[in-house]
Amino acid sequence: MDLNSKIYIAGHRGLVGSAIVKNLRAKGYTNLVYKTHKELDLVNQNDVEEFFKLEKPEYVILAAAKVGGIVANNTYRADFIYENLQIQNNVIHNAYKYEVKKLLFLGSTCIYPKMAPQPMPEDCLLTSPLEYTNEPYAIAKIAGIKMCESYNLQYGTNFISVMPTNLYGPNDNFDLEKSHVLPALIRKIHCAKLLNEKKYDEVVKDLNVNTIEEAKTYLSNFGVNETSVEIWGSGKPRREFLYSEDMADACVFLLESRDFSDLALNADTPVAKAKVECTYEKDAKEVINTHINIGTGVDISIAELALLIQEIVGYEGEFTFNTDKPDGTMVKLTDPSKLHGLGWKHKVELHEGVKTMYEWYLKN
Ligand SMILES: NC(=O)C1=CN([C@@H]2O[C@H](COP(=O)(O)OP(=O)(O)OC[C@H]3O[C@@H](n4cnc5c(N)ncnc54)[C@H](OP(=O)(O)O)[C@@H]3O)[C@@H](O)[C@H]2O)C=CC1
Ligand SMILES: C[C@H]1O[C@H](OP(=O)(O)OP(=O)(O)OC[C@H]2O[C@@H](n3cnc4c(=O)[nH]c(N)nc43)[C@H](O)[C@@H]2O)[C@@H](O)[C@@H](O)C1=O
């Protein structure tokens, strides 16, 4: 990739996409292409093909997807599987058709089995059943990995898949119903603090409603009042969080350094030969695995996360636990040793990242 290469970032306004644009710009890449969802609906096959035909990007980063937290995944199951399959089918296939030099596909660590060994290595994929709450989303993501792998093998493309752990940072989704836990808890705890301090104008502004009564009613639906904040589930599940700017840096690092161009079945390489002959299937599988974990290797319980956010926000109320809401997977800690072996490690620790994110939230 040189600094003038034409790079298409799909999903450039999202949590990850915006961090990737920032990272690429800081590294001096100048020829970046993007479209909002409104300008180009990636679910639409014809429109995506027209875009590739016209723009002919040399590199593609696929950070556009239907994304949400545990309840959104569990509720809008059809939308999560349909939209994600459509988006990735359209983008990956056209990247092949219009000869993109390299593509980076963003999966998720929820592709791994619910009872995966901890920490989860890349090769535990497809070894036992998935977590139910996000099974449709995870199945779409697994299809994306297998598509990248299959196009590399059959057509000699250079498609990479990354499996990030739970992410957070600027431009995150703070919608209390649909967001992930970290932005949801920041907003709930912040609003409870404002209610407690009777800063009603600020609560009304935060929620974009007209009156404090409206704001209080809305927040009470999410178990938030002057003195307490509801946490979904038991608080016992453990999650691993990575700051979005670290995630973006890992993506650009892998895009610059990882290469699968010798994997085509007709390539004159030992892996390709092994794959054709099906003689060294295990060895070949280890080498052709296009997916790689991106994580910190450190996790924290949801109850501990709430305490950490409480301290950063400066909230003095209590927490309640709503066990009618799902816990989801109890532990999903990545094994990032493959990534570490390639020479990349995260820089932002959780406390610092949450502090920076809260400052961003207050400004935006
Ligand atoms: N957030 C997380 O914790 C994790 C995320 N991931 C993966 O990382 C990737 C990025 O996620 P994240 O940044 O959090 O998601 P966001 O929801 O923040 O951003 C998603 C982006 O995708 C775009 N988009 C969605 N649907 C369409 C569509 N039909 N056509 C065009 N654009 C569309 C949105 O565009 P617009 O802004 O114009 O609406 C938005 O820019 C996804 O693949 C996700 O699965 C993986 C693990 C964890
Ligand atoms: C990244 C990954 O994220 C999703 O999986 P998840 O990790 O289960 O997502 P989550 O962040 O929404 O929840 C984490 C934990 O936190 C608890 N929790 C407490 N209180 C709130 C709360 O207020 N909101 C939310 N959302 N969760 C809460 C919640 O009950 C759960 O135990 C995938 O669907 C999929 O999108 C994916 O790839």
- Task: Look at the range 285-336 and say how many of its residues are at pLDDT 95 or above, in a helix (DSSP H, G or I) and over 22 Å from Ala184 (Cβ atoms).
- Result: 0
- Item | Residue list for the range 137-190, filter: touching a residue at least 60 places away in the same chain (Cβ under 8 Å), more than 12 Å from ligand 1 (Cβ to nearest atom) and not in a helix (DSSP H, G or I) | Gly156, Thr157, Asn158, Phe159, Ile160, Glu177
- Message: Here is a list: Tyr34, Tyr8. Which entry is at pLDDT 95 or above, open to solvent by 10 Å² or more (accessible area, probe 1.4 Å) and aromatic (Phe, Trp, Tyr)?
- Response: Tyr34
- Please give the number of the condition Lys66 fails out of (1) assigned to a helix (DSSP H, G or I); (2) within 14 Å of the chain's Cα centre (by Cα). (1)
- Query: If you check every pair at least six apart or on different chains, which have Cβ atoms under 6 Å apart with a residue in the range 75-90 that is open to solvent by 50 Å² or more (accessible area, probe 1.4 Å) first and a residue that is in a helix (DSSP H, G or I) and among the polar types (S, T, N, Q) second?
  - Reply: none
- Query: Tally time: how many residues in the range 43-63 are near ligand 1 (Cβ under 10 Å from one of its atoms) and assigned to a helix (DSSP H, G or I)?
  - Reply: 2
- Within the range 186-196, identify whether any single residue is within 30 Å of Ile292 (Cα to Cα) and either buried (at least 16 other Cβ atoms within 10 Å of the Cβ) or within 16 Å of ligand 2 (Cβ to nearest atom) (or both), and answer yes or no. yes
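Could you look through the range 88-136, keep only residues that are in a loop (DSSP other than H, G, I, E, B) and of a type in the set (Lys, Arg), and pick out the one that is farthest from Asp47 (Cα to Cα)?
Out of the qualifying residues, it is Lys114.
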- Query: Restricting the search to the range 300-313, which residues are open to solvent by 40 Å² or more (accessible area, probe 1.4 Å) and either within 15 Å of ligand 2 (Cβ to nearest atom) or touching a residue at least 60 places away in the same chain (Cβ under 8 Å) (or both)?
  - Reply: Glu304, Leu307
- Note on the structure: Apart from one, (1) over 22 Å from Phe319 (Cα atoms); (2) buried (at least 20 other Cβ atoms within 10 Å of the Cβ) all hold for Asn208; the odd one out is (2)
- Query: If Pro117 passes every condition in (1) surrounded by 17 or more Cβ atoms within 10 Å (Cβ to Cβ); (2) over 15 Å from the mean Cα position of the chain (by Cα) but one, which one does it miss?
  - Reply: (1)
- When residues of the range 52-74 are limited to those that are away from ligand 2 (no atom under 16 Å from the Cβ) and open to solvent by less than 10 Å² (accessible area, probe 1.4 Å), the one farthest from Ala95 (Cα to Cα): Ile61
- Item | Pick from the range 8-50, criterion β-branched (Val, Ile, Thr) and either outside the structural domain of Ile92 (by TED's automatic domain parsing) or under 22 Å from Asn173 (Cα atoms) (or both), ranking: nearest to ligand 2 (Cβ to nearest atom) | Val16
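The values are calculated or read from the model by the stated rules, or taken from the named source; none is laboratory data. A quick note: this is a predicted structure, and the numbers were derived from the prediction, not measured. Cβ atoms come from the backbone with ideal geometry, glycine included; neighbour counts cover every protein chain shown. The area values use the complete protein model at the heavy-atom level, side chains included, leaving out ligands, DNA and RNA. Shrake-Rupley method; radii C 1.70, N 1.55, O 1.52, S 1.80 Å.
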